[in-house]
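Comments concern the structure below.
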Amino acid sequence: MKVKGYLHQIHPVLPVKDVVEALDFYVNRLGFKIAFADDSKNPKYAGILRDTVEIHLQWHDASEWELAVDRPMLRIVTENIEQLYAEYSEKDVFNAHTLLRETAWGTKEFAFYDPFKNGLTFYRDI
């Protein structure tokens, strides 16, 4: 029998202007833990974990932010979405349009941006 390749996980890499600031946001507001960093004082690349989700954060030069470029949008499958929404609503991370809502495509979800305009959508199937 021929063995096929198997996709096991994905670790998206988000561009950030300041890895320390990004770590502060993801750890202190969103409840992630630092998995690794390439430098303990001035990291340019780091990984964060919460439950089974791992995201990498990579420094990008300020000149790259002058361009009008769409930033990544992550969709994160979530259990207990109502409790996560309540947790994050107390952390001052939402924008004025962030609502927990049911969608026409059969999900319950909410979304907001990190400080570097990377989009984060948390959802579950209804």
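Observations
- Selected residue [in a strand (DSSP E or B) and either among the hydroxyl-bearing types (S, T, Y) or in contact with a strand residue (DSSP E or B) (Cβ under 8 Å, 6 or more places away or on another chain) (or both)] from L49, L84, L23: L49
- Taken together, S63, S40 contain a single residue that is part of a loop (DSSP other than H, G, I, E, B), loosely packed, with under 13 Cβ neighbours inside 10 Å and without any contact (Cβ under 8 Å) to a residue 24 or more places away in the chain, which is S40.
- Identity of the residue in segment 92-126, out of contact with any strand residue (DSSP E or B) (no Cβ under 9 Å at 6 or more places or on another chain) and at pLDDT 95 or above, that ends up nearest to E54 (Cα to Cα): W105
- Search result, residues across segment 73-84 that are within 15 Å of L14 (Cα to Cα) and either loosely packed, with under 15 Cβ neighbours inside 10 Å or of a type in the set (F, W, Y) (or both): M73, R75
- Residues located in segment 87-126, provided they are of a type in the set (D, E), more than 15 Å from the chain's Cα centre (by Cα) and either surrounded by 11 or more Cβ atoms within 10 Å (Cβ to Cβ) or part of a helix (DSSP H, G or I) (or both): E87
The values are calculated or read from the model by the stated rules, or taken from the named source; none is laboratory data. Keep in mind it's a predicted model, so treat the numbers as computed, not measured. So basically every Cβ, Gly included, is an ideal-geometry build from the backbone, and we count neighbours across all protein chains shown.
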